[in-house]
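Let me begin by presenting the structure, written as structure tokens, before commenting on it.
The values are calculated or read from the model by the stated rules, or taken from the named source; none is laboratory data. In this text the structure is predicted, and so the values were computed from the model without any measurement. With ideal geometry, Cβ positions are generated from the backbone for all residues, glycine too; neighbour counts draw on all protein chains shown. Calculation scope for accessible area: heavy atoms of the full protein, side chains included, ligands and nucleic acids excluded. Shrake-Rupley method; radii C 1.70, N 1.55, O 1.52, S 1.80 Å.
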Amino acid sequence: MDYFIQSHRKRVRTLAKWLGVIAAVVWLNQHNASAQGLLAAATGAKDLTFPDSPSASPADGSRMILLKPKGAGPFPAMVLHHQCAGLRTKGGPNRSMGAWAQAAVQQGFVVLLIDSLGPRDVDMVCLEVKKGVNFPRGVRDALQAADHLRAFPFVDKQRVAHVGFSWGAMVALLGSSSNWRAAAPGSEA
């Protein structure tokens, strides 16, 4: 019984932290955070380098990868964004993200599975910002990835979406705000 109580308390504390993060995100999204402040927060970590050509191998969830269906296209496309622990976890590759990428390609989507953490030597951002990787940086990553996809002739430039899970979903929510998109100049998203 003591173990259950301790475990329950830990879960409640974790839930409370997440609710605090969600409340902060909602507040920032609803209030006009300055574009200058968001851009400053989004540039604390270096830009990502995205794959220049589609991979012949399937996504296993261990690295950033560009995948496309067979044919010339143009195809609808998506930026696929990971959870708060990224693509490489202590347990190995993030197989769920690889599976989602493969499923999307089978449905006719070009997929750019991005990794906001690994290239910046960050293990996770579940409860804190690390090495400049925060929600504004994630939004900038997603918008830059969408712009990268639009440069390919096999992508339908008008049909590019952002799909995120957990941390990536929060990034997608924030990226849907015109205030946040305005803070990342150059993106059509």
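Values for this structure:
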quantity	calculated
Pair residue 151, residue 121: separation of 7 Å Cα→Cβ label points (nm)	2.6
Net length gained if the chain between residue 161 and residue 57 were fully extended (0.36 nm per residue, minus Cα distance)	35.2 nm
Filter on 68/130; 68/131; 46/131; 46/130 - keep pairs with C-alpha separation over 20 Å	68/130; 68/131
Under-5 Å amide H pairs with residue 157, H placed in peptide plane, nonlocal only	none
Extended-chain gain in nm, criterion 0.36 nm per residue less alpha-carbon gap, residue 49 and residue 176	43.4 nm
Spacing of the two label points (7 Å from each Cα toward its C-beta) at residue 70 and residue 130, in nm	4.1
Accessible surface of residue 111 - all protein chains present, 1.4 Å probe, nearest 10 Å²	0
